[in-house]
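The values are calculated or read from the model by the stated rules, or taken from the named source; none is laboratory data. Please read these numbers as outputs of a predicted model, since none were measured by experiment. Cβ placement follows ideal geometry from the backbone for every residue including glycine, while neighbour counts extend to all protein chains displayed. Accessible surface is based on the protein model in full, side chains and every heavy atom, while ligands, DNA and RNA are left aside. Shrake-Rupley method; radii C 1.70, N 1.55, O 1.52, S 1.80 Å.
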Amino acid sequence: MSVPPASLIPRPLLFWTGVALTCAGVAEHVWMFIDSASMHFHMAMMDMSPAIMWAAMAAIVVGVVLSGFAVLPPRTAGPAAPAAAHATTASRRRLIAILTFALLVDQMKPATLAFISPGLRAEYGLSAADVSWLPTVALTGTVLGSLVWGRAADRIGRRATILIASLLFLGTTVCGAMPTFAGTLAMCALMGMAAGGMLPVVYALMTESLPPGRRAAIMVLQAGLTTTGGYMAASGLAAILIPLAGWRVTWFAQLPLVLVLIALNRWIPESAAFTARQTRAKQVPASALFKPPQTAKTLVVSAYAMAWGLVYWGFITFLPSQLESAGRHGMSAATLLFLSSLLAIPTCAVGAWLYMHWSARGTMVVYAALTVAALLTLAAVGMDGNRTILLATVMLLFVGTAGVIALIGPYTAEIYPLAIRGTAGGWAAAVGKSGGAFGPPLIALVLSAPGGIRTAAAFVALPMALAGIAVAVRGSNPQAAAPTPQGTTALDAELDELVSSEVVAAEATATTHLPSTGGVQT
């Protein structure tokens, strides 16, 4: 007997009331920004009413809290049967499109930081050391957000966590209206927390909503393309809007995208496997990540993520200035890095094919090896070597790192059992992004040592090489049944098998008379 689908939002009136309050608070900040046009949008010198500002901020806080509470699953919810069999091919494609859009919006947030720093520094009169706090604080927020929201995904659900993160996106767009640098730092930290929670939750939901034979390639391609797309979207908005309305407008320009994401919420389903498990099993503590049989997985994933974070957030951060100072590559550093980032598109396509048709572990080792090869080549030739070799090496470095980041999220989601999948994804994301907190100062210290860029390249090549070896020797096979963590039963494996079989059955009968429910509702 079929079970009627539950309401997508348990308390819809409360949810939309909260959204309305949040929008009202944000709208007041947008109006203050528009009102600063006569001062070239320099709000640091603007005379604003403290009462109005605090009232607007209070509306945002209250609105986010109300909407967040509204999407929490009721404690008294009865058992719900997994409804994956009701998903049509069209509904799954729609889900992929919406979650890809969510990741694109998510990636635009940290990417924007690189483009606002010059204007922010000029308006507030900051030194280079002062403005360096902005990415540090924002990326620290993403580390905390990854840990908090990854765990929340395993406690309150994938769908609820995505919606709460989206609400925080909405509220923190007022980062563009802060009259002080301290206020900007605080809001960017909160925005970072929202951004940190999206990636691991999306991968968990994708893993539990798509057929096993296809989801790996889709997720790897999605991870790589949204990372590149987010950067390109942020750079495009900055190039067009900053000359017209200053650096602050880049935050407000993302407001319509966030509203669209919230409006699309009815087509973001809850994971059927998660819902079934919630009604039949106990919660598993986060410490299960570090207990047998998950210990080796966690150490391997952590090493791989940490190595990428050190290369990307540490070494590559200093690459533009090193290239500009060398001046022997025949083009601007910005042009070279942009062209190199475009290589992420074919890189991710190749990585997705290899991951699905050849070997998940083998593909991860290959991209780690490409990164190590590029770093060791830079260590050998430096910035004064042959121009052709230097250009090819920089591009190879971007190919390797693009592949690594495209693989780590989907791989983590696939190798862990249902009960701690969100927690594991959040941990991996947090470890990778922690490179943004300690990577730049560490690499700056290494660059001051004899050898400069050569020493730094060799220094970051070592952990990446060790991570690749760890994956090759102790990495798990995503296609194998994942062992359940200590303290659980075999229910996770049973639910994964149940949902997978239902998804495959739905694929085979998608062209028949199955009803379309707008998603995998529970």
### Message
Only one of ALA165, ALA177, ALA153, ALA189 is open to solvent by less than 10 Å² (accessible area, probe 1.4 Å) and more than 21 Å from ALA24 (Cβ to Cβ). Can you tell me which?
### Response
ALA153
#### Entry: Residue pairs meeting the criteria (Cβ under 6 Å; at least 6 apart or on separate chains; first surrounded by 24 or more Cβ atoms within 10 Å (Cβ to Cβ), in the range 419-445; second outside any helix (DSSP H, G or I))
ALA419/VAL284; ALA419/THR488; ILE420/VAL284; ILE420/PRO485; ALA424/TYR416
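List the helices (runs of 4 or more DSSP H) inside the range 166-252, counting only whole elements, that have at least 1 residues being free of Cβ contacts under 8 Å to residues at least 40 places away in the same chain. It would help to see each step written out before you state the result.
Details: elements: 181-209, 212-245, 249-252.
In the range 166-252, 181-209, 212-245 are the helices (runs of 4 or more DSSP H) which contain 1 or more residues that are free of Cβ contacts under 8 Å to residues at least 40 places away in the same chain.
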## Note on the structure
Residue hits (the range 187-231; more than 17 Å from GLY426 (Cβ to Cβ), more than 10 Å from the chain's Cα centre (by Cα) and among the hydroxyl-bearing types (Ser, Thr, Tyr)) are SER209, THR228, TYR231
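Name the residues in the range 11-41 that are outside any helix (DSSP H, G or I) and either over 31 Å from the mean Cα position of the chain (by Cα) or at pLDDT 85 or above (or both), would you? It would help to see each step written out before you state the result.
Initial filter on the range 11-41 (outside any helix (DSSP H, G or I)): 11, 40-41.
Those that are outside any helix (DSSP H, G or I) and either over 31 Å from the mean Cα position of the chain (by Cα) or at pLDDT 85 or above (or both): ARG11, HIS40.
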### Task
Filter the range 231-252 down to residues that are surrounded by fewer than 21 Cβ atoms within 10 Å (Cβ to Cβ) and small (Gly, Ala, Ser) and give me whichever is modelled with the lowest pLDDT.
SER235
#### Entry: Index of the failed condition, PRO292 passing every other in (1) assigned to a helix (DSSP H, G or I); (2) more than 20 Å from the chain's Cα centre (by Cα); (3) over 21 Å from GLY145 (Cα atoms)
(1)
### Task
Considering only the range 365-392, state which residues are buried (at least 22 other Cβ atoms within 10 Å of the Cβ) and within 15 Å of GLN322 (Cα to Cα).
LEU375, LEU378, LEU390
### Task
Would you mind finding the one in LEU104, LEU95, LEU139 that is in contact with a Ser or Thr (Cβ under 7 Å, 6 or more places away or on another chain) and open to solvent by less than 20 Å² (accessible area, probe 1.4 Å)?
LEU95
### Message
Scan the range 380-395 and tell me whether some residue there is at pLDDT 85 or above and within 30 Å of GLU208 (Cα to Cα).
### Response
no
